[in-house]
Amino acid sequence: MKAAVVHGKGDIRVEEYPTPSAGPGEMVVKIKASGICATDIKTLLGQGLPKHLPTILGHEVVGEIHELGAGVTGFATGERVAVYPIAVCGECHFCKKGRHNLCESEFGLGHGIEGGFAEYVRLPKEIVKIGGVVKMPESLSFEKAVMAEPMSCGLAALRANRVEKGDTVLIVGAGPMGLIHLKWCKSVGARVIMADLLDRRLEVAKQMGADLCINSSTANLKDELKKATGGNGAEVVITSLGIPAVIEESLGLVRKGGTINIFGGPPAGQPITIDPRWLHYEEIVLTGSFAATPDDFRKTVEMIASGEIEVEDLISDRFSLDSMLDAVERAKNQEMVRGVVLFD
Ligand SMILES: NC(=O)c1ccc[n+]([C@@H]2O[C@H](COP(=O)([O-])OP(=O)(O)OC[C@H]3O[C@@H](n4cnc5c(N)ncnc54)[C@H](O)[C@@H]3O)[C@@H](O)[C@H]2O)c1
Ligand SMILES: [Zn+2]
Ligand SMILES: [Zn+2]
């Protein structure tokens, strides 16, 4: 098969690669669409690059079932499916509580095993057995369905942040994930303020319904937020970027009794300072969200299919696998909202 193969830091090549086959309990999916996530780009550039190379990145995968391994029931080849990308044990403390994304022995597509920037992908039995292969309704296009994975991470954050109607939410970082938070927060009736350094990104946020956009390279974010909230700050602050210094600054933007969510994955070895008096006396909830549960994923697929949540406007660029290097460049330079690799 053809695949975009990672050989080392920053070294990705479109080349022939062995086509996977399905062992007992496994499946092989012929990929129809594969989403490009900031996490893939971070990994490619070295943050969390797997030890065993070469490998294939990509964890946002939809397609048709190509091969079913021995013992897999309830599915047929040719069925259209969206894939929850995390392989989990289903038996540890966290899996039993439905918090599969925190599984003690988790691994997943593009993170431990080969992922979705290829014509075919093998799904391990750990994904199949927990219901991670979700059948898509006929009416749902592959393009829309491929947004289910990143959207589900936003739904997980919405749940963790307990955003309510009328809350003011500040989203720091108006990249694709920031826009996804915007969509979910608006869907429950929150007022959303977005901050970024790039006007072109804030422009997109405005078009998608942001109530206020602040360019923090030209305006003082704290002052502007205060002005917009009667001096209070935001009930919920989501840091949708992985820069520790920006996360630290964002702590001061939350209102008393509010919640801060560290959503973007920061690099190792860069701690930040937190005043325990502030956490205590202001009853601040400091939380994080990492990926999503299979339940979040299934619910997101349903909501996209029913049209309850709109995703098409997130897709700005469509690529073929042959133009993967171009896609990586555009993603690195933050030139697109969301890029999707489409297959015949
Ligand atoms: N938790 C999860 O489940 C999950 C899922 C997907 C992605 N992520 C992570 O979420 C983060 C955001 O993803 P993305 O695809 O939107 O990334 P992105 O890099 O495209 O977006 C980050 C944005 O932050 C802006 N920014 C940088 N410095 C800023 C500052 N000082 N003030 C305001 N804005 C600033 C950038 O201009 C950019 O638009 C990444 O770290 C990604 O790895 C987390
Ligand atoms: Zn992702
Ligand atoms: Zn587990």
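The values are calculated or read from the model by the stated rules, or taken from the named source; none is laboratory data. None of the values given here were measured: they were computed from a predicted structure. Counting neighbours? That spans all protein chains shown, and the Cβs are built from the backbone with ideal geometry, glycine included.
Of the helices (runs of 4 or more DSSP H) that lie entirely inside region 263-344, those containing 2 or more residues that are modelled with pLDDT under 95 and under 21 Å from the mean Cα position of the chain (by Cα) span 324-332.
Conditions tested, residue by residue: (1) within 16 Å of ligand 2 (Cβ to nearest atom); (2) touching a Ser or Thr at 6+ places or on another chain (Cβ under 9 Å); (3) not charged (D, E, K, R).
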{"site": "57", "(1), (2), (3)": "yes, yes, yes"}
{"site": "65", "(1), (2), (3)": "no, yes, yes"}
{"site": "80", "(1), (2), (3)": "no, no, no"}
{"site": "87", "(1), (2), (3)": "yes, yes, yes"}
{"site": "94", "(1), (2), (3)": "no, no, yes"}
{"site": "98", "(1), (2), (3)": "no, yes, yes"}
{"site": "105", "(1), (2), (3)": "no, no, yes"}
{"site": "109", "(1), (2), (3)": "yes, no, yes"}
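Residue 188 meets the conditions (1) buried (at least 19 other Cβ atoms within 10 Å of the Cβ); (2) closer than 29 Å to residue 62 by Cβ; (3) hydrophobic (A, V, I, L, M, F, W, C) in every case but one. The failed one is (1).
If you check residue 152 against the conditions, is it outside any strand (DSSP E or B) and crowded, with 24+ Cβ neighbours inside 10 Å? The answer is yes for residue 152.
For residues that are of a type outside the set (Ser, Thr, Tyr) and under 22 Å from the mean Cα position of the chain (by Cα), scanning just region 234-244, find the one that is farthest from residue 268 (Cα to Cα). Ranking the qualifying residues of region 234-244, first place goes to 236.
Of all the criteria given as (1) under 30 Å from residue 120 (Cα atoms); (2) surrounded by 13 or more Cβ atoms within 10 Å (Cβ to Cβ), the one not satisfied by residue 344 is (2). Scanning region 53-73 for residues that are touching a strand residue (DSSP E or B) at 6+ places or on another chain (Cβ under 9 Å) and part of a loop (DSSP other than H, G, I, E, B) yields a count of 8.
The number of residues in region 15-40 that are of a type in the set (D, E, K, R), assigned to a strand (DSSP E or B) and touching a residue at least 60 places away in the same chain (Cβ under 8 Å) comes to 2.
Of everything listed in (1) more than 30 Å from residue 89 (Cα to Cα); (2) of a type outside the set (Asp, Glu); (3) under 19 Å from the mean Cα position of the chain (by Cα); (4) surrounded by fewer than 19 Cβ atoms within 10 Å (Cβ to Cβ), the single unmet condition for residue 198 is (3). In region 95-123, the residues that are more than 14 Å from residue 297 (Cβ to Cβ) and away from ligand 3 (no atom under 16 Å from the Cβ) reach residues that are of a type in the set (Gly, Ala, Ser) and modelled with pLDDT of 95 or more with C-beta atoms within less than 6 angstrom, at least six apart or across chains, in these pairs: 110/58; 115/58; 116/34; 116/58; 117/4; 117/34; 117/58; 118/3. Of the residues in region 201-216, at least one is polar (S, T, N, Q), under 23 Å from the mean Cα position of the chain (by Cα), surrounded by fewer than 16 Cβ atoms within 10 Å (Cβ to Cβ) and not in a strand (DSSP E or B). When region 38-68 is filtered for residues that are out of contact with any His (no Cβ under 7 Å at 6 or more places or on another chain), within 19 Å of residue 132 (Cβ to Cβ) and either hydrophobic (A, V, I, L, M, F, W, C) or at pLDDT 95 or above (or both), the ones remaining, listed by number, are 56, 57, 58, 60, 61, 62, 63, 64, 65, 66, 67, 68. The residues of region 161-172 that are surrounded by 20 or more Cβ atoms within 10 Å (Cβ to Cβ) and either out of contact with any strand residue (DSSP E or B) (no Cβ under 6 Å at 6 or more places or on another chain) or hydrophobic (A, V, I, L, M, F, W, C) (or both), listed by number, are 163, 169, 170, 171, 172. Of all the residues that make up region 92-116, how many are within 16 Å of ligand 1 (Cβ to nearest atom) and either under 22 Å from residue 321 (Cβ atoms) or in a helix (DSSP H, G or I) (or both)? Total meeting the criteria: 10. Going through (1) within 29 Å of residue 1 (Cα to Cα); (2) touching a residue at least 24 places away in the same chain (Cβ under 8 Å) one by one, residue 90 falls short only on (1).
On the basis of being without any contact (Cβ under 8 Å) to a residue 12 or more places away in the chain and either over 19 Å from residue 337 (Cβ atoms) or within 16 Å of ligand 3 (Cβ to nearest atom) (or both), does residue 43 make the cut? Against the criterion (without any contact (Cβ under 8 Å) to a residue 12 or more places away in the chain and either over 19 Å from residue 337 (Cβ atoms) or within 16 Å of ligand 3 (Cβ to nearest atom) (or both)), residue 43 does not qualify.
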